[in-house]
Structures are given as C-alpha cells and as structure tokens.
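J.: Below are the structure tokens for one structure; questions will follow.
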Amino acid sequence: MLTFSPMDAARAKNPATYEDLLALPENLVGEIVDGELYASPRPASPHALAASRLGALEFLLRGGNGGAVTTLAGSPGVPGTMDGAGGAARFNHPDGPVSDGVGNLFVADYGNHTIRKVVIATAVVTTLAGSPGAGTTDGTGTAARFDGPEGVATDGAANLFVSDSETVRKVVIATGVVTTLAGSAGAPGITDGTGAAARFHSPGGLTSDGAGNLFVSDYTSHTIRKVGIATGVVTTLAGSPGAPGSANGTGAAARFNGPGGMATDGTGNLLVGDIVNNTIRKVVIATGVVTTLAGSPGAPGTTDGTGTSARFNVPGGLATDSAGNLFVADVTSDTIRKVVIGTGVVTTFAGSAGVPGSTDGTGTAARFSAPKGLAIDGAGNLFVADLNTIRKVVVATGVVTTPVGLAGPRSIVVPGPLPAGLNHPTSLLVGPTGALFITDENAVLVVQ
C-alpha cells in the first residue's frame with residue numbers, strides 16, 4: 001500500500017470536500033483512496049473528480065511490481081534550498097549525481113547554484129559549496145558561488161570537478177574549498193592556456209581518465225578540451241574552436257558540431273555523441289586522432305549498418321559495457337542503439353524508430369519516447385531515462401521493462417512500491433551497491 005503525505009499548500013480551499021486533493025503538474029490533480037493514488041485532469045468541481053477517473057489520462061499506482069522507489073532526499077514538486085534529512089531537504093533542478101565510492105553522492109543543484117552532498121545511508125543533505133544566488137567567487141563552503149553548475153566528475157582522489165558557466169571549478173570534498181581550475185567566468189572563448197588564461201564556451205559533459213586528466217565537451221566551441229588536474233593547463237585535444245564540421249583527423253584538423261555526451265571505453269579512447277552531426281566519434285586520448293565510429297554527418301536517420309552506413313537522429317546519453325559495446329540513446333528516433341566499438345556495427349537494440357511509446361517488450365517490440373540519460377550496472381542491465389519513466393533493458397536479451405515511473409503526462413514522484421511517477425528525470429547513476437540514483441526535478445531518488 002502506498003503512503004503519501006500531501007503538501008498543505010496543495011490542498012483545495014475546501015479541505016472537508018476535497019480532503020487529500022493534490023496539486024500535480026500540467027493541470028493534473030491526485031487523490032488518495034484506500035492508500036492508492038489517482039491522478040486525472042483538474043476538475044471544475046469536487047463532483048467532477050470522480051467522473052474524471054474514467055478519463056484517458058487516469059493512472060493508478062499499485063504495489064507488487066518488485067523493488068521499491070523512495071525519495072532519498074528532497075520533496076517532489078517543492079523547490080527550495082534547505083539542508084536536512086530526507087524529505088526535509090530541498091533542491092531546485094538537481095543534476096548529476098556522482099558518487100565518491102565511499103557512501104556519498106554529490107549533486108549539482110542547478111537552480112540553486114550550489115553543490116550538495118547526500119549521505120546515502122542516512123539521506124542527510126548538506127550544502128558542500130555555494131550559496132543560492134548566481135555568482136563566480138572562489139571560497140570555502142557557502143562563501144563560494146556558482147552560476148548554473150551542470151556536469152560533475154570526480155578524480156577518485158577526493159576532488160569534484162564542475163562545469164560552471166564558462167569555467168571548470170574544483171571542489172575539495174573534505175573541506176568544501178572551491179577554486180577555479182580553468183576558464184574565466186563571464187568571458188566565453190576558445191583560448192588554450194593555464195588556469196584563468198584559458199577560455200571555454202558552454203562546457204558541458206565532463207569525464208576523467210583516472211590518470212590526472214579531465215575531458216570536457218565544449219559544446220559551442222565544437223571542441224574536446226583536455227584539462228590537467230594538477231596544473232590547470234587546458235589544451236584542445238580535438239576539434240577547431242569556432243569551426244563546426246565533421247572532418248576526421250588529428251587534433252585541430254578534426255571537426256565536431258555540438259559535442260555532447262561522452263564515455264570512456266577503458267582502453268584509452270573517448271566516445272563522443274556529436275549531436276548536430278548525428279554521429280558517434282572516437283577520440284584516441286594519447287594522440288587526438290578522431291574518427292567517425294558510426295553515423296554520417298548531415299544525414300540524420302534510423303538505419304542500422306556498419307560505420308558510416310548507419311544513421312542516428314540526435315545521439316544523446318552514452319554508456320559502455322565491459323564487453324566492448326557502446327549504447328546510445330537516439331533521442332529523436334525513440335530507440336536505444338548498440339555500437340560494437342571494435343567494428344562500428346550499429347544495431348537497434350531496443351525500440352522502434354519513429355514509433356514513440358511506452359510499451360515494455362523485447363527488442364524492437366518495446367517503445368521509448370525521447371530517451372536521454374543512460375547508465376549501466378555491473379550485472380548486465382542498462383537503465384534509460386525515458387520521458388517520465390526509468391526503463392530497464394537486459395543487455396543479454398533486449399527485454400525492456402519499466403521498473404520506475406508511469407508513461408504519459410508529467411506526474412508527481414510518489415514514494416512507495418514500484419512503479420512510481422517521475423517528472424522528467426535527467427540523470428542516472430548506478431551506485432556501488434547496485435542501487436539506482438535518479439535526479440528528478442526537485443528531488444534525488446533511489447531505487448533499491
């Protein structure tokens with residue numbers, strides 16, 4: 001049975017009539033009846049609510065689907081800035097998260113301009129660095145300022161790195177000390193250099209090679225940047241600043257057009273979703289040699305094939321497995337594509353191109369609707385942030401299920417037995433114990 005505490009502010013003016021009527025996004029309302037949550041179009045009167053339960057937008061949450069989703073921290077639909085434990089804490093469009101491997105999550109709280117720490121075991125949320133209100137000041141803890149932090153990565157040595165406006169910031173986890181590792185706030189550009197002499201233009205995705213380097217997809221400059229963690233030295237590993245294109249080549253001779261999602265293959269290569277080109281690019285870290293692993297520039301599509309004979313349509317999230325495969329959320333195609341890294345062979349792993357939906361099933365019998373973030377666990381499962389749901393795909397079989405969320409209109413997150421509503425989940429992380437962490441508008445959720 002679900003348990004849910006409706007927000008006092010969401011109650012209707014006549015609580016004796018509406019009782020536990022909830023305010024939901026997109027003009028929906030919900031009501032708890034015998035421990036179950038109903039949601040439907042907002043009625044004009046209390047009497048209309050009962051009738052609207054028969055409408056097409058009605059959904060009913062019940063238990064017994066295996067596992068459970070809980071709100072680890074934050075309150076769905078209630079943005080705010082407060083630290084606290086569990087539901088007493090507040091977020092404002094959290095992104096990330098990233099784990100330090102010792103029981104903590106770190107979240108870029110985009111709307112609050114802060115970096116939050118969440119202790120997984122206790123759900124205690126504290127503000128590690130930053131203070132609500134945009135700024136660029138370095139400092140310790142709340143004396144520091146961020147301006148819309150997005151990408152977060154860790155170096156495995158007790159430091160966080162954050163893509164923040166036109167800079168890359170470093171946060172010492174133990175102390176909350178924030179410094180600007182590279183870039184200059186409010187000064188977008190393309191210049192290589194050391195520390196503040198370097199320039200970025202819309203840095204987004206971050207990843208580390210575990211060998212003392214960060215890699216940044218610099219979206220608007222159309223380049224892949226390399227940052228030496230110890231020195232702050234920024235170089236352009238591949239691409240030519242301000243020169244979008246699709247050419248393969250070495251270093252500056254190569255071209256990108258809106259690089260986004262990145263993943264490493266564990267053998268010295270970066271895989272990059274080249275969004276506007278609709279291609280998957282491979283970058284050899286040691287040499288900067290760029291090749292097009294799959295897809296054809298300027299030719300969006302859905303065709304399976306090998307290398308440039310394959311087609312993508314807005315490649316989004318990327319994830320690699322231990323068997324040499326890359327999985328791509330092909331956003332506009334509504335599919336999950338599989339790319340064999342060694343050969344460039346592309347197949348549609350799950351979903352049907354151009355047929356959006358929410359149907360569970362095996363392989364192409366399943367349906368997705370603009371899939372985005374991807375994460376893979378150590379047990380052969382791929383997780384997909386798909387509209388208002390988290391989908392699970394068994395890599396060995398292609399079987400797709402919806403363990404979390406309900407398809408359809410945006411819905412409030414409901415803690416309890418699966419499935420549960422989600423409100424446009426953005427990022428996924430599989431923790432060291434196998435738990436799945438999700439950032440969802442104003443909350444951080446955990447699926448055990």
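The values are calculated or read from the model by the stated rules, or taken from the named source; none is laboratory data. None of the values given here were measured: they were computed from a predicted structure. Every residue, glycine as well, gets a Cβ built from its backbone with ideal geometry; the counts of neighbours run over all protein chains shown. All accessible areas refer to the heavy atoms of the entire protein, side chains included, with ligands and DNA or RNA removed. Shrake-Rupley method; radii C 1.70, N 1.55, O 1.52, S 1.80 Å.
J.: In a shell of Cβ-Cβ distance under 11 Å around Arg225, excluding Arg225 itself, what net charge do Lys and Arg (+1) and Asp and Glu (-1) give?
T.: Values: positive: Arg199, Lys226; negative: Asp192, Asp218.
Residues near Arg225 contribute 0 overall.
J.: Could you please state how large a percent of the accessible area of segment 156-251 is carbon and sulfur, counting protein chains only and using a 1.4 Å probe? It would help to have the intermediate numbers written out before the result.
T.: Values: 1790 of 3230 Å².
That share works out to 55 percent.
J.: Something else now. Sum up the charges of everything whose Cβ sits under 13 Å from the Cβ of Leu293, counting Lys and Arg as +1 and Asp and Glu as -1, but leave Leu293 out. Please report the intermediate quantities before stating the final value.
T.: Working: positive: Arg281, Lys282, Arg337, Lys338; negative: Asp265, Asp274.
Spelling it out: positives minus negatives among the neighbours equals +2.
J.: Still on this structure, please answer the following. Averaged per residue, what accessible surface does segment 147-217 expose to a 1.4 Å probe, in Å²? Each step should come with its number before you reach the end.
T.: Details: 2360 Å² over 71 residues.
Here the residues of segment 147-217 average 33 Å² of exposed surface.
J.: Separate question: Under a point-charge model restricted to the Cβ atoms of Lys and Arg (+1) and Asp and Glu (-1), what is the dipole moment magnitude of segment 213-352 relative to its Cα centre, in debye to the nearest 20? Kindly include the intermediate steps, with their values, before the conclusion.
T.: Values: 8 positive and 7 negative charges, 51 e Å.
For this selection, approximately 240 debye.
J.: A further question on this structure: Enter the Cα centre distance for the pair segment 172-203 and segment 243-320, rounded to the nearest angstrom.
T.: The distance from the Cα centre of segment 172-203 to that of segment 243-320 comes to 26 Å.
J.: Could you grab the relative contact order for segment 243-391? Cα pairs under 8 Å, six or more apart, rounded to a whole percent. Present the calculation step by step, with values, prior to reporting the outcome.
T.: Details: 422 pairs, mean separation 21.0, N = 149.
The value is 14 percent.
J.: Order of 347-354, 272-279, 306-313, 158-165 by packing, highest average Cβ count within 10 Å first? Before the final figure, lay out each step's value.
T.: Values: 347-354: 21.2, 272-279: 25.0, 306-313: 19.6, 158-165: 23.0.
Most protected by this proxy first, the peptides run 272-279, 158-165, 347-354, 306-313.
J.: Sticking with this structure for a sec: Give the carbon-plus-sulfur fraction of the accessible surface of segment 280-388 in %, rounded to a whole number; probe 1.4 Å, heavy atoms of protein chains only.
T.: On the way: 2050 of 3750 Å².
So the carbon and sulfur contribution to the accessible surface is 55 percent.
J.: Give the long-range amide H neighbours of Ser296: residues separated by 5 or more places, or on another chain, with amide H under 5 Å away, using H modelled in the peptide plane at 1.01 Å from N.
T.: Distant-sequence amide H within range of Ser296: Phe312.
J.: Per residue, how large is the accessible surface of segment 240-358? Use a 1.4 angstrom probe and give square angstrom.
T.: 33 Å²
J.: Residue by residue, what Karplus-based ³J(HN,Hα) values in Hz, rounded to whole numbers, does segment 326-338 have, using 6.51, -1.76 and 1.60 with θ = phi - 60° and x for Gly and Pro?
T.: Once rounded to whole Hz, the list reads 10, 10, 10, 7, 8, 4, 6, 7, 6, 9, 10, 9, 10.
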